[in-house]
Every structure is written in C-alpha cells, then in structure tokens.
1. Could you figure out which of (1) open to solvent by 40 Å² or more (accessible area, probe 1.4 Å); (2) at negative phi; (3) assigned to a loop (DSSP other than H, G, I, E, B) isn't true of Trp247?
2. Which of the residues belonging to the range 13-34 are of a type in the set (Gly, Ala, Ser) and in contact with a Leu (Cβ under 9 Å, 6 or more places away or on another chain)?
3. Looking at the range 80-121, which of the residues that are charged (D, E, K, R) and more than 14 Å from ligand 2 (Cβ to nearest atom) is farthest from Arg248 (Cα to Cα)?
4. Out of the residues in the range 254-274 that are over 18 Å from His193 (Cα atoms) and more than 10 Å from ligand 1 (Cβ to nearest atom), which is surrounded by the fewest Cβ atoms within 10 Å (Cβ to Cβ)?
5. Just one of the numbered conditions (1) closer than 21 Å to Trp102 by Cβ; (2) exposed (fewer than 15 other Cβ atoms within 10 Å of the Cβ) is not true of Asp182; which one?
6. Could you say which residue among Arg69, Arg6 is more than 14 Å from Leu252 (Cα to Cα), without any contact (Cβ under 8 Å) to a residue 40 or more places away in the chain and in contact with a helix residue (DSSP H, G or I) (Cβ under 9 Å, 6 or more places away or on another chain)?
7. Among the residues of the range 190-207, is there at least one that is crowded, with 17+ Cβ neighbours inside 10 Å, part of a loop (DSSP other than H, G, I, E, B), of a type in the set (Ser, Thr, Tyr) and in contact (Cβ under 8 Å) with a residue 12 or more places away in the chain?
Amino acid sequence: MLTVRRSEAPLGAEILGVDLSRNPDEAVFREIVDLFHEHEVIFFRNQQLTPDQHVAFSKRFGELEHHVRKDCCRPGYPELFVVSNVLENGRPIGTRDAGLFWHSDLCYMSEPSRCSVFYAREVPHDDQGRPLGDTMFASATAAYAALPDATKLRLAGRNAVQSYAKGYYRDRQSGPRPPLTDEQQRRTPDIEHPVVRTHPATGRKCLFANEGYTSRIAGLDAAESDALLAQLFAHVTRPEFVYRHQWRVGDLLIWDNCSTQHRAVMDYELPRRRLMERATLRGTVPF
Ligand code: OGA
Ligand code: MN
C-alpha cells in the first residue's frame, strides 16, 4: 500500500515512498493509476530522473504525443515538450507561457490528451527563498457536480467548440507568436466535443469547457453562448475547486486532462529560471 497525503482541495495528492527512476512493478503501477483516477492530480517529490526515465515511466500510461510545436521539444526527445523561460544562445529552449489561461492539454484534438506527466528541473524562487511559478489545478468533476440543476439541464447533450487558434493567438506576456504554419493549422482544426464528458475510467461527469480554448457552445446564438461560457469559466475555477501546486525541483506531477483544468502563475522572470518538461499522453474520443 502506498502512502498518500491528500491536499485540502477536492483534487491533488502526494504519493510517498516511490522512486520512479526504477520503473515501478505492475502492482505498484496499478495502485498509482487508481490513485491518479481518484485524486485527479498526483505528485511524487524528490525524483531524480533522466529524460529517458521520464519518458519510460510516462509510457506506462499509454501512447505519448508529439507536440505540434516541434521547436519547443527537448532536442532528441519529440515526446518531451519543454516549458521554460530559459534562453540558450539568445533563443528560447521551449515555450515560456504554456498556460496563462485555464485550459486542459490538447482539448482541441479529436482525441484530447488523457494526462500530462510534468517534471520540474528548475524552479524559480523569490528573495526569501519561496517558490514562484506555481500551477493551479481545478477539478472539473467537483465543478460539474456543484452546478445548479438548471445549468446541468441546459448543457445536457450539447457540444462545445474547442479552438487551438483561440488559445494560440490570445494575448501573452511574451508578445505575439509567429503565425501557425499550414501544417500546424491542418493538425488543429476547430473541433466539437461534449461540453459535459464522462471520464472513461471513473464514469464521473466532467465539465469540458475552458477559458483557454473553448470558443462557443454549439447550437446557441453567440450572445447566449458567450454568457453561458463566461458563467462556466468563472464557476469551474472557484477557489473551492482549486489545488495550487508549489513546485520543488524533482517533483513529478501527473494531471488528468479530462477531469481537471490548469493554469500557470507567471510571477517570475529571468534571471529566475524555470525549466519543466511535459510528456503528454494520448487520450480517447470524448463521450
Ligand atoms: C503545460 C502547462 C503550466 C505551467 O505544460 O501544459 O500548462 O505551470 N504548464 O507551466
Ligand atoms: Mn497545459
């Protein structure tokens, strides 16, 4: 039995006593998966992982994605997406702002990501030694469950449009981004998914609409859709549904992209360095 320390939020739990550099045996891995489904965000502290070990552990969950932004992957590792403000020879080694807006990863794909496996290599600190660059996570299951019945009824059976372009082009601290290439656009057309989806492993209902990428609710006129989305975005990120993770070097954290949303907190800049690497697991078609 693994030792677990729950956060005070409806999601988030630390798992103690596991060394992921030795890929866990099948029984331990099953337990990790069960804890992941139960807590939606799980993490392990003090892990010392090579990129190969990070990839090997992540692959236990399934097939890894290669991000459409190839320029942001670790050299030699198309399955490791780099989130960092670090420059090498004046050039960014990854994407600086992966998620300034609430979102879930790859929600705009026909098969949105199942989960992301995020590893902290460098964490910025303030002058008092407190960590900066936290990540916030919201439980989309707790948020759905707490919706008024009338809103649940309005959403039932509806689709929402997910748009990579909406998320890509919106305002960012790092300034405008280069236009998407033809290939990137081809791989990321706007797509519809159920606005309330069922978690494929737990059967729980999750609100699948996020501020970052969801552009409209299909079948409603624009004003109605905008108003309802604004209400949902405000609801899902209410403090009672949120776990805020303070990073330490060596944290390996897994978030569920079906049952949670997340947002980066940008409260640091160079020379304070942040370097994180993300393996992203392929998911299944939402229902
Ligand atoms: C991501 C992401 C948040 C962060 O990598 O998908 O949203 O805090 N990162 O860097
Ligand atoms: Mn993200």
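The values are calculated or read from the model by the stated rules, or taken from the named source; none is laboratory data. What you are looking at is a predicted structure, and each value in this text was computed from that prediction instead of being measured. Cβ: placed from backbone, ideal geometry, glycine included. Neighbour counts: every protein chain shown. Note: accessible area is taken over every heavy atom of the protein model, side chains too, but ligands, DNA and RNA are not part of it. Shrake-Rupley method; radii C 1.70, N 1.55, O 1.52, S 1.80 Å.
1. For Trp247, the exception is condition (1).
2. Pass one, the range 13-34, residues of a type in the set (Gly, Ala, Ser): 13, 17, 21, 27.
Matches in the range 13-34: Ala13, Gly17, Ser21.
3. It comes out as Glu111.
4. Taking the range 254-274 and keeping what is over 18 Å from His193 (Cα atoms), we get 254-255, 262-274.
Cutting the leftovers down to more than 10 Å from ligand 1 (Cβ to nearest atom) gives us 254, 267-273.
On the way: Ile254: 24, Asp267: 11, Tyr268: 17, Glu269: 13, Leu270: 11, Pro271: 7, Arg272: 16, Arg273: 16.
Across the range 254-274, the extreme among qualifying residues is Pro271.
5. Failed condition: (1).
6. Details: Arg69 fails: without any contact (Cβ under 8 Å) to a residue 40 or more places away in the chain.
Result of the check over Arg69, Arg6: Arg6.
7. no
This table checks each residue for (1) in contact with a strand residue (DSSP E or B) (Cβ under 6 Å, 6 or more places away or on another chain); (2) surrounded by fewer than 18 Cβ atoms within 10 Å (Cβ to Cβ); (3) in a strand (DSSP E or B).
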position	(1), (2), (3)
Gly99	yes, no, no
Leu106	no, no, no
Pro112	no, no, no
Ser116	yes, no, yes
Gly157	no, yes, no
